[in-house]
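The values are calculated or read from the model by the stated rules, or taken from the named source; none is laboratory data. This is a predicted model, so every value here is computed, not measured. Counting neighbours? That spans all protein chains shown, and the Cβs are built from the backbone with ideal geometry, glycine included. Quick note on the areas: whole protein, heavy atoms, side chains included, nothing else; ligands and nucleic acids left out. Shrake-Rupley method; radii C 1.70, N 1.55, O 1.52, S 1.80 Å.
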Amino acid sequence: MTDPKESRAEQRRSEKKEKKQKEKYRIEKPPHMRMGDSRVKKPKKKTSLFKRLVLIALFLGFLGAFFAWMAFLTITKNLPRISSLSDYRPNVVTTVYSDDGRKIAEFFKERRIVIPLSEMSRNLKDAFVAAEDAKFYQHEGLDYYSIVRAFFRNIRAGAIVQGGSTITQQVARSFFLSPEKTYMRKIKEAVLARRIERTFSKSDILFLYLNQIYLGHGAYGVEAAAENYFGKPAIRLTLAECAMLAGLPRAPSRYSPFRFPKRAEKRRVYVLKRMAEEGYITRDESKEAMEEKIEARARKNLYIEEVPFFTEYARREVEKKYGANALYKEGLNIYTTVSVEAQKAARKAVEKGIRALDKRQGYRGPLSHVSEPDMASFLLEMKESFDKNSLKKGDIVKGVVTAIHDESGVVTVRMGDDSGEIPFSEMKWARKPDPETSRHAAAIKSPREALSEGDVILVRIRGRSGEKWALALEQTPEAESAVLCMEARTGFVKAMVGGRDFRESQFNRAIQSRRQPGSAFKPIIYSAALDKGYTPASMFIDSPVVYHDEERDFTWKPKNYGEKFHGPTLLREALALSRNVVTIKILKDIGIDYVIDYAREMGVKSPISRDLSIALGSSGMSLLEIVNAYSVFPNQGLLVEPVFITRIENRHGETLEETETRSRPVIDESTAYIMTSLLESVVKNGTGHRVKALGRPVAGKTGTTNNLFDAWFVGFTPDYVTGAWVGFDGERPIGHDETGSRAAAPIWLDFMKKILRDKPVKIFSVPEGVVFSKIDAETGLLPIPETRKTIFECFKEGTIPTEYSKKPGAITSVDDFFKSGM
């Protein structure tokens, strides 16, 4: 019989063994089979890993966002305020105007002319939108599709080759950022574009864009570009012209219609297609515009081509007063006194007069020489440099001598594919230069004395003669000239030429140069003498005189031109015939200091030597000073201050300054009139006789220095005072017999004929205090029945001679005769 205790113990061991067996081979139930089993729990290990991943992702996302935000703040921290666009104040062109409101010059750092959208045609605005930013009116500053497209293209290229910029982004870049191609700049550009869109209307943005954008060849904005390429304002551009302008922003130099017309044409076609695709124009309008022929014409350089010396003077004065920043950036409007027609007349007169003088001096030889073996290649090069249709009458061009016909005296000249002939009559001036010899004494007798086959020369086109051009031999003058014309009553300077060619030399010989005026200074001395009691009838003895300067151990024996002396001479005759000795005697009598002070009153500011040589105009002064001094005479004693600029306005049209005529009395009215009368005699009977051809009342004085370095003529009518100077910059003789009468007076006359052509004839008015009396032309005294010649002379009241001439054969004491002779 089994013990119950052993039986229970055995049973427990058996159950324990079984339990171990079950646990060893137990299979874990999946979670969905353990729902009712309270002992089954979720797998803690896998759940913890997931949470960690989520937390890490969230943390990294937050950290990335934080750094992105910090980077954004850093990038945008110093971005400029777009509020500055509200006060759009770009660099704009300063414009200079003539007396009749014509534009004659521009000064600028950026050639920009700001105009409102209303002054731009609809086609122009649509063309730029279609070409540059088709979604301009839909997006809010950024075209995301274009940005993505550009991004992938840049990735493929390995560099930034495309920007995908909208018009708004271009505005942001143009006003606030540099043009560098970096992603940092693109981010800033995008931020600014968004801000601009939130602040400004589409019209405002388009206004800024079309006025700010660079369109090549120095043109900023559509108005400047329209003038640059087509010579018209933007409002008058055709559809085809609008499309060509709209094709420029992408690459202005690459699509320049001047340099690359074919590329510009292709770009124009592209813009017209885009306009049609976007619905701005019809297909037919696009096709018609594509067929339109466009001729882009380079804008004239007004500064060089119109009135260069005058506008350069105005530029200097404005810059001196307002500064370079105002002149080149602030768009001033400068209104001047210059007449474009008068300026053109002055330039032509100078060119004509200087060329005539140059030919009187002789021919300096050909430019170069081409040997026979090199002739073919030289002609080929010349052909390439010529535009076959460009030759026209008046042109001066290079040519090469190919034949000289001894019998006829004709010279054949080739000019590229063209040929012409120089008759001997158009080259007989070509003697060898010799300033000491008269041109008539050394004239050539055949063409071979001056030219030979193969000589490269300058020729002037005179016109057509059958199949060939009629030519004249030319050379570039070496002498210079200046002309200045001032309106007598107002002081307005109507014309100023400071040299033969502004392109070659910007030195203004009318203002900057100080040259000896020679006898042109004498009217100041004679005017001073009239105020010291002399009259036109005062008698002098033109005879040799010697002056000793003991301090400088110098002896001076002044002579007249031609080295002759003429005995008894009236004051009127002495001035008319420019008698040096008489003038020196007058100066010595009235006093050097008195004359210097008198000259200062009459507007002469240059230094004046304190010696008798000033009677011969030995002290240098400018043409402007001399012309200004002479203006006292037609103005009846008033010195009028020269005026070049009448008004200056800022960019808003507000007047910064306005100049009115300023004058003051410096000599008596009667003195001014008598001097005018004396200077009329210079023209009627004296050294200024060439000017009589003007055919109206005119007064003036020639001026020639003793060494023939300078030639002058300064003269006036009741309306205008004009001076002309001729000489070399290097101060050397201008040639045998090249006096003020021969060298300068023809230039003066040619100019004055043109500006007075349609003006009424006026006479010099006689003021109160001037009286007239008949006198003996030989003695200056009252006439007697035996007087052979009488003249009417003008006097100040109370100065008419009271003494009568002596009868012929009457004995006259030497002292009595010489009492006025000094």
Next on the checklist: Just to be sure I understand: if I project the alpha-carbon convex hull of the stretch 620-718 onto a plane and average over all orientations, what area do I get in nm²?
Outcome noted: 9.1
Next on the checklist: How charged is the neighbourhood of residue 335? Take every other residue with its Cβ under 12 Å from the Cβ of residue 335, and add Lys/Arg as +1 and Asp/Glu as -1.
Outcome noted: -2
Checklist entry - What are the principal axis extents of the Cα atoms in the stretch 309-404, in Å, biggest first? => result 61, 33, 25
Checklist entry - If one computes P(r) from the Cα atoms of the stretch 120-303, what percent of pairs lie at distances over 29 Å? => result 21
Next on the checklist: For residue 490, what residues show an amide H to amide H distance below 5 Å, using hydrogens built from the backbone and excluding near sequence neighbours?
Outcome noted: none
Checklist entry - Carbon and sulfur together cover what percent of the accessible area of the chain at a 1.4 Å probe radius? => result 52
Checklist outcome for this item: Tilt, helix 375-385 to longest principal axis of the chain (alpha-carbon atoms), in degrees rounded to tens, equals 70
Checklist entry - What whole-number value in Å² describes the accessible area per residue of the stretch 758-809 for a 1.4 Å probe? => result 68
Checklist entry - HN-Hα J couplings of the stretch 92-100 from phi, Karplus 6.51/-1.76/1.60, θ = phi - 60°, integer Hz, Gly and Pro as x? => result 10, 6, 8, 10, 10, 10, 7, 5, 9
Checklist entry - Which listed residue (420, 450, 435) has the Cα farthest towards the positive end of the charge dipole for the stretch 364-474, taking +1 on Lys and Arg C-beta and -1 on Asp and Glu C-beta about the Cα centre? => result 435
Item to check | Label selected from [x] 69.6; [y] 39.8; [z] 34.3, the criterion being mean projected area of the Cα convex hull in nm² as computed here | outcome: [x]
Checklist entry - Each residue of the stretch 331-345 in order: what ³J(HN,Hα) in whole Hz does its phi give by Karplus 6.51 cos²θ - 1.76 cosθ + 1.60, θ = phi - 60°, with x for Gly and Pro? => result x, 5, 10, 10, 9, 10, 9, 6, 9, 4, 5, 5, 5, 4, 5
Item to check | Charge dipole magnitude, Cβ of K and R +1, D and E -1 - the stretch 364-474, Cα centre, debye nearest 20 | outcome: 500
Checklist entry - Whose amide H sits under 5 Å from the amide H of residue 92, counting only residues 5 or more places off or on another chain, with H placed in the peptide plane? => result 330, 331
Checklist entry - So how tilted is helix 144-157 from the main axis of the chain? Cα-based, degrees 0 to 90, rounded to 10. => result 90
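Report, in listed order, any pair from 186/287; 109/494; 393/753; 393/432; 494/754 with a Cα-Cα distance greater than 25 Å.
Values: 186/287 37 Å; 109/494 28 Å; 393/753 23 Å; 393/432 28 Å; 494/754 13 Å.
Correct reply: 186/287; 109/494; 393/432.
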Item to check | Given charges at Cβ of Lys, Arg, Asp, Glu: the chain dipole, positive-most of 354, 62, 307 | outcome: 62
Checklist entry - Looking at this model, which pairs from 522/807; 352/759; 262/468; 445/564; 585/806 are more than 30 angstrom apart at the alpha-carbon? => result 522/807; 262/468; 445/564
Checklist entry - By its C-alpha gyration tensor, with a ≥ b ≥ c as the square roots of the eigenvalues, how is the stretch 241-379 shaped: rounded for a/c under 1.5, else prolate for a/b larger than b/c, else oblate? => result oblate
Checklist entry - Taking amide hydrogens as modeled 1.01 Å from N in the peptide plane, which residues meet the under 5 Å criterion relative to residue 455, leaving out close sequence neighbours? => result 370, 401
Checklist outcome for this item: Charge tally for neighbours of residue 585 with beta carbon under 10 Å away, counting Lys, Arg as +1 and Asp, Glu as -1, is 0
Checklist outcome for this item: Residue by residue through the stretch 664-681, the couplings from Karplus 6.51 cos²θ - 1.76 cosθ + 1.60 with θ = phi - 60°, in Hz, x for Gly and Pro, are 8, x, 10, 9, 5, 4, 5, 4, 4, 5, 4, 5, 4, 5, 4, 6, 5, 5
Checklist outcome for this item: Among the Cα-Cα pairs of the stretch 480-756, the proportion with separation greater than 22 Å, in percent, is 55
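Taking R0 as 30 Å, what's the FRET efficiency between residue 122 and residue 198 from their Cβ-Cβ distance, rounded to 0.05?
0.65
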Item to check | Sum of side-chain charges, residue 438 neighbourhood, beta-carbon under 14 Å (Lys, Arg +1; Asp, Glu -1) | outcome: +2
Checklist entry - Relative contact order of the chain: what whole-number percent is it, with Cα pairs under 8 angstrom and at least 6 residues apart? => result 10
Next on the checklist: Of 289, 724, 136, which is farthest towards the positive pole of the chain's charge dipole, taken about the Cα centre with +1 and -1 on the beta-carbons of Lys, Arg and Asp, Glu respectively?
Outcome noted: 136
Checklist outcome for this item: Note to self: C-alpha centroids of the stretch 301-332 and the stretch 726-752 sit apart, in Å, by 31
Item to check | Area projected by the alpha carbon convex hull of the stretch 364-474, averaged over all directions, nm² | outcome: 7.2
